[in-house]
Amino acid sequence: EAGVAQSPRYKIIEKRQSVAFWCNPISGHATLYWYQQILGQGPKLLIQFQNNGVVDDSQLPKDRFSAERLKGVDSTLKIQPAKLEDSAVYLCASSLGRTGEQFFGPGTRLTVL
Amino acid sequence: KQEVTQIPAALSVPEGENLVLNCSFTDSAIYNLQWFRQDPGKGLTSLLLIQSSQREQTSGRLNASLDKSSGRSTLYIAASQPGDSATYLCAVLDDYKLSFGAGTTVTVRA
């Protein structure tokens, strides 16, 4: 069974530029998550989708971050404009349902200069 | 707000020694608890999931226990190997949200 796919794996941008990350979850998983992991810390949930609807975006900085999950399958996370403090690893995860075991992708390491 | 703590932050042991990793959480009304492994520059690999109604879960050399009433979980890794070197994170699910500890970085010396 294929795991969670993410691209790109690495991205370096200047501050105030925009960037987008892509995630394809495990087939059949209804719930998709985006996390931000800053070096030395555990991941922090940014947004949670159930099928193609947002069920939790309470920790998403909505003035600069946006996410969508069209057709309830793959998802994109966008940052516009980026700040230095956005440098982190962005992890995508999926699960069968909102209380199920979560499986993570390899992550995208973002560096903002 | 759920707070998850993992102590110690780092651990170094000789090969063959058993590992004991601790996790504590502040709100005992959890749905489940997951232990993950993270290798440098990689994503998280799920090791074990314990439902709130369970006391322990085992997979190979790994055993995780859960004491929900006291807000504690312990991950045991028997007969450690250099390949076990990684960061281990625990996470608790409550209110449909997974809250993570900062992890314990383990080094197994050959």
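What single numbered condition from (1) out of contact with any strand residue (DSSP E or B) (no Cβ under 6 Å at 6 or more places or on another chain); (2) open to solvent by 30 Å² or more (accessible area, probe 1.4 Å); (3) within 24 Å of A:S94 (Cα to Cα) fails to hold for B:D94?
Tallying (1) out of contact with any strand residue (DSSP E or B) (no Cβ under 6 Å at 6 or more places or on another chain); (2) open to solvent by 30 Å² or more (accessible area, probe 1.4 Å); (3) within 24 Å of A:S94 (Cα to Cα), B:D94 fails exactly one: (2).
Taking the criterion of being facing chain B (nearest Cβ under 8 Å) and of a type outside the set (F, W, Y), would at least one residue in region A:60-67 satisfy it? Explain how you work it out, then say what you get.
First, the residues of region A:60-67 that are facing chain B (nearest Cβ under 8 Å): none.
No: zero hits.
Across region B:27-62, what is the number of residues that are among the acidic types (D, E) and either in contact with a helix residue (DSSP H, G or I) (Cβ under 7 Å, 6 or more places away or on another chain) or touching a residue at least 24 places away in the same chain (Cβ under 8 Å) (or both)? Please lay out each step first, then the result.
The first filter runs over region B:27-62 and keeps only residues among the acidic types (D, E), leaving B:27, B:39, B:56.
Then keep just the ones that are either in contact with a helix residue (DSSP H, G or I) (Cβ under 7 Å, 6 or more places away or on another chain) or touching a residue at least 24 places away in the same chain (Cβ under 8 Å) (or both); that gives B:27, B:39.
Number satisfying all stated conditions: 2.
Got a sec? Which of B:G41, B:G16 is assigned to a loop (DSSP other than H, G, I, E, B), at the interface with chain A (Cβ under 10 Å from one of its Cβ atoms) and either within 24 Å of A:K44 (Cβ to Cβ) or open to solvent by 30 Å² or more (accessible area, probe 1.4 Å) (or both)?
Of the residues listed, the single one that is assigned to a loop (DSSP other than H, G, I, E, B), at the interface with chain A (Cβ under 10 Å from one of its Cβ atoms) and either within 24 Å of A:K44 (Cβ to Cβ) or open to solvent by 30 Å² or more (accessible area, probe 1.4 Å) (or both) is B:G41.
Looking only at region B:52-77, how many residues end up being within 14 Å of another protein chain (Cβ to nearest Cβ) and either touching a Lys or Arg at 6+ places or on another chain (Cβ under 7 Å) or closer than 23 Å to A:P43 by Cβ (or both)? Reasoning before the result, please.
Of region B:52-77, the ones within 14 Å of another protein chain (Cβ to nearest Cβ) are B:52-54, B:57, B:59, B:64.
With the extra rule that they be either touching a Lys or Arg at 6+ places or on another chain (Cβ under 7 Å) or closer than 23 Å to A:P43 by Cβ (or both), the set shrinks to B:52, B:57, B:59, B:64.
So the answer is 4.
For (1) part of a strand (DSSP E or B); (2) under 29 Å from B:K1 (Cα atoms), each residue gets a yes or a no:
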| residue | (1), (2) |
| --- | --- |
| B:Q57 | yes, yes |
| B:S65 | yes, yes |
| B:S69 | no, yes |
| B:Y76 | yes, yes |
| B:A79 | no, no |
| B:G83 | no, no |
| B:Y88 | yes, yes |
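Taking only pairs six or more apart or across chains, which ones have beta-carbon atoms under 6 Å, a first residue in region A:88-107 that is facing chain B (nearest Cβ under 9 Å) and among the charged types (D, E, K, R), and a second residue that is open to solvent by 10 Å² or more (accessible area, probe 1.4 Å) and not in a strand (DSSP E or B)?
Once the first residue is facing chain B (nearest Cβ under 9 Å) and among the charged types (D, E, K, R) and sits in region A:88-107, its partners that are open to solvent by 10 Å² or more (accessible area, probe 1.4 Å) and not in a strand (DSSP E or B) give A:R98/B:Y96.
I need a count of the residues in region B:90-103 that are out of contact with any Ser or Thr (no Cβ under 7 Å at 6 or more places or on another chain) and assigned to a strand (DSSP E or B).
5
Select, from B:S28, B:S80, the only residue that is open to solvent by 40 Å² or more (accessible area, probe 1.4 Å) and either of a type in the set (A, V, I, L, M, F, W, C) or away from chain A (no Cβ under 11 Å) (or both).
Matching residue, one of B:S28, B:S80: B:S28.
Quick check on region B:33-45. Is at least one of its residues more than 16 Å from B:F100 (Cα to Cα) and touching a Ser or Thr at 6+ places or on another chain (Cβ under 7 Å)?
The answer is no, given that none of the residues of region B:33-45 is more than 16 Å from B:F100 (Cα to Cα) and touching a Ser or Thr at 6+ places or on another chain (Cβ under 7 Å).
Filter region B:2-13 for residues that are closer than 13 Å to B:G103 by Cα and outside any loop (DSSP other than H, G, I, E, B); which is most open to solvent (accessible area, probe 1.4 Å)?
Restricting to residues being closer than 13 Å to B:G103 by Cα and outside any loop (DSSP other than H, G, I, E, B), the top hit is B:I7.
The values are calculated or read from the model by the stated rules, or taken from the named source; none is laboratory data. As the structure is a prediction and not an experimental result, all values here were calculated from the model. Using ideal geometry, Cβ is built from the backbone for each residue, glycine included, and neighbour counts are taken over all protein chains shown. All accessible areas refer to the heavy atoms of the entire protein, side chains included, with ligands and DNA or RNA removed. Shrake-Rupley method; radii C 1.70, N 1.55, O 1.52, S 1.80 Å.
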